[in-house]
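Notes to accompany the following structure.
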Amino acid sequence: MIQAVARKFSRSWVTAELDCRIMRIGIVGAGIAGLACAARLKDNGIVATLFDKGRRPGGRLSSLCIGGLEWDFGAQYFKVSGAAFAAEVKRWHDRHLVAPWTGGPDGALVGMPSMGGFVAALCQGHDVRLNAEIQRIEADCLGWHISGPGLCDGPFAALIIAVPSEQAATLVSLHDLDMARETTATRSAPCWTVMTAFAEPLSALPHYFRDRGPIAWASRNNSKPARAPTECWVIQASAAWSRAHLERDPTVVAPLLLSAFAAEARADLPTPSFLRAHRWRFGLPYGQRGKVLWNPSLRLGACGDWTVAPAIEGAWQSGVATAQRVVDTLAREQVHAPG
Ligand SMILES: Cc1cc2nc3c(=O)[nH]c(=O)nc-3n(C[C@H](O)[C@H](O)[C@H](O)COP(=O)(O)OP(=O)(O)OC[C@H]3O[C@@H](n4cnc5c(N)ncnc54)[C@H](O)[C@@H]3O)c2cc1C
């Protein structure tokens with residue numbers, strides 16, 4: 001039945017599209033994957049509208065800035081391995097959107113002036129709708145329609161779901177069983193993260209350390225380039241510790257994780273001037289199969305780090321690869337459409 005709907009849908013859709021010469025694509029999720037997808041579509045002359053439930057774009061690339069204190073509290077830095085990503089990073093570097101973190105791990109790059117600021121710059125030139133949670137996607141002969149609280153939009157010539165696998169599953173499962181199966185093959189490990197600040201530098205500590213007991217990662221945020229100078233630390237718990245404390249209140253988690261950090265760093269910490277915990281329920285995915293999830297008949301796709309690799313580069317690659325499938329499908333349909 002899905003195939004029959006797809007055939008009907010596809011034929012009338014192509015005609016409508018070609019009559020109007022409009023190719024509007026919807027992207028749910030304005031993290032790095034959704035933004036990479038939108039950028040590649042734009043390079044090919046295709047307009048996308050991004051919808052994100054957050055107050056800010058970027059998803060797990062997030063920064064908090066309060067009264068001269070600053071933390072990147074999601075992704076900490078990124079590295080480059082593939083040639084295509086290297087070329088993109090060079091363009092970001094030329095625009096001063098990224099810089100090396102000299103005190104960080106070898107080859108580490110960070111967003112400028114923060115991870116969140118970097119993503120905000122990537123949004124420029126795109127139609128990004130914030131506070132826009134998509135709860136339902138539906139297709140008819142005109143294309144895809146999306147809706148959520150106070151929001152209804154469409155038709156879109158294609159729809160890309162660029163959210164973590166668990167969240168993608170609820171949106172795609174009524175439409176594409178194979179894609180739904182792929183979403184369930186991947187799971188996300190949670191990550192409790194603490195942001196804390198001190199009046200004085202913790203000068204006995206290195207700029208970062210990782211994998212010590214319950215602490216997966218801890219770093220001095222102000223050792224990154226262009227950050228505020230006050231001593232600000234990001235402390236991220238291991239997946240096991242985060243799972244064990246998953247449903248606890250952030251006000252309970254924050255001092256617990258701070259004490260674990262003090263114990264692992266073997267430091268007598270002064271009283272922090274700021275202490276807050278954030279839970280990433282869908283932190284780092286595992287079980288990727290490296291597939292591009294694109295159904296050309298339905299014109300429905302899904303991307304995100306969970307399809308390629310649990311890092312910024314993986315998310316970016318997935319967005320670009322999915323966009324390329326959209327471009328190829330639309331180009332093929334234009335070629336085959338009746339004159
Ligand atoms: C604590 C932590 C530390 C990390 N450290 C690193 C690191 O050092 N280096 C590195 O390379 N990677 C790191 N990562 C991984 C990296 O952050 C991710 O791989 C990458 O940001 C994923 O991007 P994405 O676009 O796939 O997903 P996301 O960033 O999760 O973006 C998905 C977006 O979809 C939105 N969304 C979800 N559901 C809906 C809906 N129904 N409607 C509308 N919008 C919706 C969300 O608000 C979000 O903005 C880290 C991740 C975490 C959590």
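For the residues Gly125, Gly104, Gly116, the requirement of being small (Gly, Ala, Ser) and not in a loop (DSSP other than H, G, I, E, B) singles out Gly116. Scanning segment 159-183 for residues that are acidic (Asp, Glu) and buried (at least 17 other Cβ atoms within 10 Å of the Cβ) gives Asp176, Glu182.
Of all residues in segment 180-205, how many are touching a strand residue (DSSP E or B) at 6+ places or on another chain (Cβ under 8 Å) and either farther than 16 Å from Gly304 by Cα or of a type in the set (Lys, Arg) (or both)? Matching residues across segment 180-205 total 15. Taking segment 187-196 as the range and being more than 11 Å from the ligand (Cβ to nearest atom) and surrounded by fewer than 22 Cβ atoms within 10 Å (Cβ to Cβ) as the test, only Arg187 passes.
When segment 273-319 is filtered for residues that are within 12 Å of the ligand (Cβ to nearest atom) and within 19 Å of Arg24 (Cα to Cα), the ones remaining, listed by number, are Ala302, Cys303, Gly319.
Criterion applied to Gly148, Gly104 was being near the ligand (Cβ under 10 Å from one of its atoms), over 16 Å from the mean Cα position of the chain (by Cα), surrounded by 14 or more Cβ atoms within 10 Å (Cβ to Cβ) and not assigned by TED's automatic domain parsing to the domain that holds Ala218, and the one residue passing it is Gly148. Restricted to segment 30-49, and to residues there that are of a type in the set (Val, Ile, Thr) and within 14 Å of the ligand (Cβ to nearest atom), the residue that is farthest from Thr307 (Cα to Cα) is Thr49. Looking across Leu330, Leu300, one residue alone is at pLDDT below 95 and surrounded by 20 or more Cβ atoms within 10 Å (Cβ to Cβ). It is Leu330.
So that you can scan it fast, the table gives a plain yes or no per residue for (1) among the basic types (Lys, Arg); (2) surrounded by fewer than 19 Cβ atoms within 10 Å (Cβ to Cβ); (3) in a helix (DSSP H, G or I):
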position	(1), (2), (3)
Gly290	no, yes, no
Gln317	no, no, yes
Ala323	no, no, yes
Gln334	no, yes, yes
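The values are calculated or read from the model by the stated rules, or taken from the named source; none is laboratory data. Please read these numbers as outputs of a predicted model, since none were measured by experiment. Positions of Cβ are backbone-derived with ideal geometry, glycine not excepted, and every protein chain shown enters the neighbour counts.
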